[in-house]
1. So, in segment 300-330, of the ones that are aliphatic (A, V, I, L, M) and in contact with a Leu (Cβ under 8 Å, 6 or more places away or on another chain), which residue ends up nearest to residue 283 (Cα to Cα)?
2. Please indicate, with yes or no, whether at least one residue in segment 90-110 is hydroxyl-bearing (Ser, Thr, Tyr), more than 23 Å from residue 274 (Cβ to Cβ) and modelled with pLDDT under 95.
3. Output the number of residues of segment 109-151 satisfying the condition of being among the aliphatic types (A, V, I, L, M), in a helix (DSSP H, G or I) and open to solvent by less than 40 Å² (accessible area, probe 1.4 Å).
4. Across segment 25-78, what is the total count of residues that are open to solvent by less than 50 Å² (accessible area, probe 1.4 Å), outside any helix (DSSP H, G or I) and not β-branched (Val, Ile, Thr)?
5. Considering only segment 182-231, state which residues are part of a loop (DSSP other than H, G, I, E, B), within 17 Å of the chain's Cα centre (by Cα) and at pLDDT 95 or above.
6. Where residues in segment 193-247 are of a type in the set (Gly, Ala, Ser) and under 30 Å from residue 259 (Cα atoms), which of them is surrounded by the most Cβ atoms within 10 Å (Cβ to Cβ)?
7. Out of all the residues in segment 319-347, which are open to solvent by 10 Å² or more (accessible area, probe 1.4 Å) and assigned to a helix (DSSP H, G or I)?
8. Between a residue in segment 216-236 that is free of Cβ contacts under 8 Å to residues at least 24 places away in the same chain and any residue that is of a type in the set (Phe, Trp, Tyr), which pairs come within a Cβ distance under 9 Å, given they are 6 or more apart or on different chains?
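The values are calculated or read from the model by the stated rules, or taken from the named source; none is laboratory data. These numbers were taken from a predicted model, which means no experiment stands behind them. Glycine gets a Cβ as well: all are built from the backbone with ideal geometry, and neighbour counts include every protein chain shown. Surface areas here come from the heavy atoms of the whole protein model, side chains and all, with no ligands, DNA or RNA. Shrake-Rupley method; radii C 1.70, N 1.55, O 1.52, S 1.80 Å.
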Amino acid sequence: MNAAAQLKDLPPETMPVRLGPAAELKQSLVDFARGLGFDSCRVAVCAPPAHADQFDDWLSAGAHGEMKYMARGEGKRRDPQKVLRGAKSVIVLALNYFHSEPEWRLADAKKTGARGRIARYAWGDDYHNVIEAKLEKIDNFLREFGGAQKCYVDTGPILERDYAATAGIGWHGKSTMLIDGKLGTWFFLAEILTTLELPPDEPARDRCGTCQRCIKACPTGAITAPHKLDARRCISYLTIELRSSIPVEFRPLIGDRIFGCDDCLDACPWNRFAKISNESAFAARSTINMPLRDFLKLNDAEFRSLFRNSPIKRIKRRGFLRNVCVALGNVGTSEDLPALERAAHDSEGLIVEHAAWAIERIRGRATSEK
């Protein structure tokens, strides 16, 4: 008896499921993405994003601050066809970046010299470089099936969290961060717009309930209501996106943070399920643990060398040392004054301004302690 005849005689419940060509391609894509290290690969229909109107309201309120690129790409963010004509699907990928606090960092914290806090995503290599290399391979894979693609890692004019939520990568947390039941909040997103029509996935159910820990954890009150963020108050914005002076009223609230802030992520109870990333490129570099005052010794070439292939390089020496001065103003001691006094004569006016503020703060604390 041949194979076809054998299948014909099987009862319906034992018949093998035959996938259509699009479903088979999607399964091959998912398997290929998993093989590249992605933790999740899901698909959304390439339609206008669900929260386009709310995005417009956010821009109109000026809550994007100095991020002018947000407004420049508004039309494309509302209509993905302006990004890739003929696009039918948005492939959304998630890559876990969670690494626990290294033991050497905890030990060094007891040594002389205050240390600064850096957002976990920036502990290791630049995620743009790591993920873009993987996306190029997926692009080539899809080209074999006749697809034309546009790939983005946090840089394209699309509302990535909307498509990620629609595809079921996670749900919109009240902090505006996306939450996955297995990964928590510690993952990068990447998107591939493709002209291939792939079966879409179901969205994830919102599982935040009445929890508001992320809102309460924000040091500056940047999460003004559930799902509403005023970037102008956010420490990640203030220490990364803002290129000018940090408003004086926010400087004390920044504490010892010198690049980004994880407070709303740390507060999320879903992160108790977080697992260590398989991507070793995101593990912490020893450079994140230098005493704050030692960063002030860096000239431009030394800064670029120290943070080569790191997300921190994007804010350049002037932005990073501005942040270091603010952190020293909050947690530094009289032992940090010589470094700050040198910084107060830097060629960059932005550094000079924030160094002078830090010196005044440290001297003020010393006076009040007498």
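1. Among residues in segment 300-330 that are aliphatic (A, V, I, L, M) and in contact with a Leu (Cβ under 8 Å, 6 or more places away or on another chain), the one nearest to residue 283 (Cα to Cα) is 306.
2. No.
3. 6
4. 16
5. Selection gives 185, 186, 218, 222, 227, 230.
6. Among residues in segment 193-247 that are of a type in the set (Gly, Ala, Ser) and under 30 Å from residue 259 (Cα atoms), the one surrounded by the most Cβ atoms within 10 Å (Cβ to Cβ) is 222.
7. Scanning segment 319-347 gives 330, 331, 334, 335, 337, 338, 341, 342.
8. 222/237; 233/250
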